[in-house]
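The values are calculated or read from the model by the stated rules, or taken from the named source; none is laboratory data. Treat the numbers as computed from the prediction; the structure is a model and nothing was measured. Here the Cβ positions follow ideal geometry from the backbone for every residue, glycine too, while neighbour counts run over all protein chains shown.
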Amino acid sequence: MPLTLFVDPAGWWIDLAAGVGLGLALVVLWRLGARLLPAARELEGRIAGILGPLGREEVLALAVFSGVAEELFFRGAVQGSWGWAWATVLFALLHTGPGVAFGLWTGFAAVAGGLFGGLMAWRGNLLGPVVAHFLVNALNLGRLAAREGAADGPLPASDPPERDDR
């Protein structure tokens, strides 16, 4: 795999800015949907319950690994071989589950996947889509993890503080 699949050394800053902008726009879109659509709130509750409590490091690790792996697969391999439309449809279908709430997630994944694919087609490398995907996952997972652990206080640091049992 050539380095140019991952980054354009001459225009990396464009890819980074486009990825940040797209990722933040998608987070705003989801949060607006969560305010307006009961199915979005139901989905968040179900996903938070499935995830359970997560620390900051776990949220970041999940966001990094899913952003890199999924973009390498869907935009790097599938879109590179079968095209933008098939990569978008497959991405959406693999983000599904039972009921209306998960149908909303599938629809959001179709929009996000289409935009990630468009960014890949426009810029020709994965930096922008990876950054956007990372931000969507990190910000949304972080919010869900905080929601799930709200009764226990803030998210824990990597190592809990030492107890003083004097």
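Criterion applied to Gly11, Gly55, Gly33 was being under 18 Å from the mean Cα position of the chain (by Cα), farther than 18 Å from Leu104 by Cα and of a type outside the set (Val, Ile, Thr), and the one residue passing it is Gly55. Taking first residues from the stretch 1-14 that are touching a residue at least 40 places away in the same chain (Cβ under 8 Å) and of a type in the set (Ser, Thr, Tyr) and partners that are surrounded by 12 or more Cβ atoms within 10 Å (Cβ to Cβ) and part of a helix (DSSP H, G or I), no Cβ contact under 8 Å between residues at least 6 apart in sequence or on separate chains turns up. Those helices (runs of 4 or more DSSP H) of the stretch 77-126 in which 2 or more residues are crowded, with 19+ Cβ neighbours inside 10 Å and modelled with pLDDT under 95 occupy 99-123. Can you confirm whether Arg46 is closer than 12 Å to Leu144 by Cα, surrounded by 16 or more Cβ atoms within 10 Å (Cβ to Cβ) and among the basic types (Lys, Arg)? Criteria met by Arg46.
Cβ-Cβ distances below 7 Å connect the following pairs, each with a first residue in the stretch 73-101 that is farther than 26 Å from Thr4 by Cα, a second residue that is surrounded by fewer than 17 Cβ atoms within 10 Å (Cβ to Cβ) and of a type in the set (Asp, Glu), and a separation of six or more residues or different chains: Ala101/Glu42.
Taken over the stretch 30-41, residues that are touching a residue at least 24 places away in the same chain (Cβ under 8 Å) and either buried (at least 17 other Cβ atoms within 10 Å of the Cβ) or assigned to a helix (DSSP H, G or I) (or both) amount to 4. Being within 24 Å of Pro129 (Cβ to Cβ), in contact (Cβ under 8 Å) with a residue 24 or more places away in the chain and within 13 Å of the chain's Cα centre (by Cα) is the requirement here; does Glu44 meet it? Considered against the rule, which asks whether it is within 24 Å of Pro129 (Cβ to Cβ), in contact (Cβ under 8 Å) with a residue 24 or more places away in the chain and within 13 Å of the chain's Cα centre (by Cα), Glu44 comes out as no.
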